[in-house]
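The values are calculated or read from the model by the stated rules, or taken from the named source; none is laboratory data. Because the structure is a prediction, the values reported are computed rather than measured. Here the Cβ is made from the backbone with ideal geometry for all residues, glycine too, and neighbour counts use every protein chain on show. SASA here: full protein model, heavy atoms, side chains in, ligands and nucleic acids out. Shrake-Rupley method; radii C 1.70, N 1.55, O 1.52, S 1.80 Å.
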Amino acid sequence: MDGVYTVALAGNPNVGKSTIFNSLTGMHQHTGNWPGKTVANATGKATIKHKDFLFVDIPGTYSIMSNSEEEEIARDYICFGNPDATIVVVDSTCLERNLNLLFQIMEISSNIILCVNLLDEADKKKIRINLKKLSELLGIPVVGTTAKKKKTLENLKQVIYKVCTGEIVPKPKKVIYDEFIEKSILNVQENIEKINLLNKDENNYQKDFLRWVSIKLLDGETKIIQSIKSHTSLEINHPQIKKVIEQEWHKLEEHKIYQENFKDKIVSNILYHAENICSQVCSFENENYTSRDRKIDKILTSKKWGIPIMILFLAVIFWLTIVGSNYPSNMLFEFFGWIQERLLQLATLIHLPEWLSNMLIFGIYQTLTWVISVMLPPMAIFFPLFTFLEDLGYLPRIAFNMDKFFKKACCTGKQMITMCMGFGCNACGVTGCRIIDSPRERLIAILTNNFVPCNGRFPFLISVATIFIAGAYGGFSSFLATLTVIGVIVFGILLALLISKILSKTILKGMPSSFVLELPPYRKPQIGKILVRSIFDRTLFVLARAIKVAAPAGLVIWLLANIGINGDSLLTITANFFDPFAKLMGLDGYILTAFIIGIPANEIVLPIILMCYLKANVLIDMENTFAIGEILKQNGWTILTAINVMIFTVLHFPCATTLLSINKETGSIKWTIVSFLIPTACGIVICMLTNFLWQFII
Amino acid sequence: MNLHELKLQEKANIVNIQCSENIKRRLLDLGLIKGTKIVPVLISPSGDPKAFEVRGTLIAIREEDTKQIEIEI
């Protein structure tokens, strides 16, 4: 674009890069920001001194040498995106490790600004950094920032402006490698220049870039070389270059440098250089600066309390979600109900045919608003709470605590984080699987996410448990009901682990699982940021997908309930058709039909069941658990039916929103179908088993 | 001596990393190379993985991988 400067933002995960990005762009845009990482490049605009800037937030990575998807996106953008400047954001409390990425980026491009972020935290930990000296040692502008201090960000903007307009020209001082490696790099580089006829007049490629290409050619990293080929017009496959590389390797091998340890040598050089620089600019006044974090960690990951505390945290979140969403849900119901009245009046006023107004209002409108009323409040409560835990830095600890169980199932502890999100909403849990690096493990996590019941299924589980388990045993009734619900959840999790294991031993065999995870420092979350991100990026995102499915589904439900043959509605006919099969599972035809046409949202399964039993032609809302219980019992529900319904609630096909998300994430119809079949098959088999065992014993 | 034998709070230096290429690469990215100081500071409730302090950060590594990391005290 003419007259617009492009600025890339790079950095390790957990360095507050997104906060810097949002402050620069004024939070004008929100792209899916899932735990821990930005997967695609997000962009945002800003104006500094009347000039337009386009900021590109690239995924947070530790390095741009590896092969994970995010690192490739990051690397390709820095290498071939030609930004006018690249800001490397680093965490001032662990500068040394962060410099690794900086030096790797310095190898590729020159217009780099170092942003030393989280200075307030460094201050608290009594770490002092001499920014001026750091700038001298690196040869690039260095800006210290603290997200809360606007002035520091203003400073950063000024430097960005100056670098882009050429007022400041960074001259990065690169890492110098072993003498022999340097010689080989130079030789390869000269040959590339010769072959590509890059004389001084038509030197399109900066020397720095050619140096980097030479290192990669020596390293022989196929993926990067492929990227270089497809993004530049450089001729690097020339026989002469190949010959030179071979010759250089012979020389290097004489000095005990081999293909196997080449990368080690390169990275070691970078890290030693980083150590050296840090020792000159950082001073630690308090050697035990991590002691507060370690004390918290000692409790949160302790043998005795680690897992109970985790369960407690989750339990509190669910409790707040379920209890807290009652009131706003009812308000929404009333609000939409009021509009519905007006719509009906309007329909009469304009003489809309009755069937049409019924279909539009009782079919589409009612189902749609129903889904919004029951989904919006719990999500608007659950996601901020969950994001709070996330920003606190607690989620990686969950993965750390649970890894062993997942390792036994040949997966990674990070899957637990996605399952925790699944409790809120399976569609979000599925999207959250992006935090898992290995494609195989990510797919397993996606396919098994539905085994944890989401917000939409919880209230149904609780109602059924209250009516049939608690109702039957008096006394500690509510305790028993709670225990049953917990039992069903644990059962779902164990089954998810079992299925994960079976998948990794059969259709998803492959690389052994790995788990190397950084446990970031605990941070005080910023409430404003949490609200914005959880409401916009998650709640509305899911709601939009849900609405897309709810409207057509509402139409289908209405048609089924209102079109009849010989006095029986299509719904009844369908239910009768499924009845023999459902009976085998200890359910009845109506229940099974309700699950099937309740596919847009699990929340409407119970209303559909009630609608069927009462022979009504609109969804039935019922506040009173006792009254619901009476209707269910009159229609033949026993404790066995209740148990099977609970099992099937946990184990059936994902809702439409989740299926859509699975299709988006896997990009494959095949895996979407598999994700539909696995839990459904489990549910059918287990319900049948329970039914037969019950009949056999009693 | 290998990393899994190191007791909590004991300081050591890495001598050699013999993990599979994939893991080795990840460790390299996180700053674990020959000569790096490493201190185990946390154990997961089930005993595995452990978390280590490296260059001012906290890194969790599984036991099967720490067995492949040679250290000296």
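Points worth noting:
- Taking all protein chains as they are arranged and a probe of 1.4 Å, the heavy atoms of residue A:128 leave approximately 90 Å² accessible to solvent.
- When DSSP beta bridges are restricted to pairs lying wholly in the protein assembly as shown, around 60% turn out antiparallel.
- Put simply, the range A:179-256 fits an ellipsoid with semi-axes of 20, 14, 11 Å; these come from the alpha carbon gyration tensor as the roots of five times its eigenvalues, largest first.
- Whole-angstrom gap from the range A:384-454 to the range A:129-169, using each part's C-alpha centre: 37 Å
- The C-alpha atoms of chain A define a longest principal axis, and helix A:669-697 lies at about 40 degrees to it.
- Other protein chain Cβ atoms within 10 Å, averaged over every residue that makes up A:161-168: 0
- Note on exposure: A:233, A:302 ranked by accessible area (1.4 Å probe, complete protein assembly) read A:233, A:302, with the most exposed listed first.
- Residues whose amide H falls under 5 Å from that of residue B:67, counting only those 5 or more places apart or on a different chain, are B:4, with hydrogens built in the peptide plane.
- Residue-span extension gain [residue A:696 to residue A:303] - 0.36 nm each, minus C-alpha spacing: 137.3 nm
- Rel. contact order, % - alpha carbon contacts under 8 angstrom, at least six apart, the range A:179-256: 44 percent
- Applying 0.36 nm per residue to the separation of residue A:323 and residue A:136 and subtracting their alpha-carbon distance, the gain on full extension is 61.6 nm.
- Placing a pseudo-label 7 Å from each Cα along the Cα-to-Cβ vector at residue A:635 and residue B:16 gives an inter-label distance of 7.0 nm.
- Set A:664/B:50; A:51/A:174; B:11/B:67 screened for pairs whose C-alpha atoms are more than 28 Å apart: A:664/B:50; A:51/A:174
- Spatially proximal lysines relative to residue A:256 (Cα-Cα < 22 Å; intrachain offsets below 8 disregarded): A:183, A:216, A:242, A:243, A:265, B:24, B:34
- Beta bridge orientation in the range A:4-165: antiparallel %, DSSP, nearest 5: 30 percent
- Per the Cα gyration tensor, the range B:19-73 maps to an equivalent ellipsoid with semi-axes of 16, 14, 11 Å, ordered largest to smallest.
- Placed amide H near residue A:52: partners under 5 Å, 5+ positions off or other chain: A:5
- Computed from backbone phi, the HN-Hα couplings of the range B:23-32 come to 5, 4, 4, 4, 5, 4, 4, 8, x, 9 Hz, rounded to whole numbers (Karplus: 6.51 cos²θ - 1.76 cosθ + 1.60, θ = phi - 60°; Gly and Pro given as x).
- Per-residue mean of foreign Cβ neighbours for A:302-311 is 2 (Cβ atoms of other chains, 10 Å radius).
- Cα long-axis angle, helix A:625-634 against chain A (0 to 90 degrees, to the nearest 10): 60 degrees
- Nearest-10 value in Å² for the accessible area of residue A:685, using the 1.4 Å probe: 80 Å²
- Taking each residue as 0.36 nm, the span from residue A:408 to residue A:479 lengthens on full extension beyond its C-alpha to C-alpha distance by 22.4 nm.
- Calculated FRET efficiency for the pair residue A:669/residue A:624, C-beta based, R₀ 35 Å, to 0.05: 0.25
- Here the contact order of chain A, divided by its residue count and restricted to Cα pairs under 8 Å and six or more residues apart, works out to 11 percent.
- Size-normalised alpha-carbon gyration radius of the protein assembly as shown, reference 2.2 N^0.38 Å: 1.08
- Computed [θ] at 222 nm, helices only, for chain B once each DSSP H run of length n ≥ 4 contributes -39500 (n - 2.57): -4500 deg cm²/dmol
- Vicinal HN-Hα couplings computed from phi for the range A:321-332 (Karplus, 6.51 cos²θ - 1.76 cosθ + 1.60; Hz; Gly/Pro x): 5, 5, 5, x, 8, 3, 5, x, 4, 5, 4, 4
- Only Cα pairs under 8 Å and 6+ residues apart enter the sum, and on that basis the relative contact order of the range A:4-165 stands at 24 percent.
- From its DSSP helices (H runs of at least four residues, each -39,500 (n - 2.57)), chain A gives a residue-normalised ellipticity at 222 nm of -20000 deg cm²/dmol.
- Furthest towards positive pole of dipole, A:230, A:191, A:244, structure part the range A:179-256, Cβ charges: A:230
- Per-residue mean of foreign Cβ neighbours for A:389-398 is 1 (Cβ atoms of other chains, 10 Å radius).
- Helix axis angle, A:259-281 relative to chain A longest principal axis, alpha carbon, degrees: 80 degrees
- Between the beta carbons of residue A:563 and residue A:316, assuming R0 = 41 Å, the FRET efficiency works out to 0.30 to the nearest 0.05.
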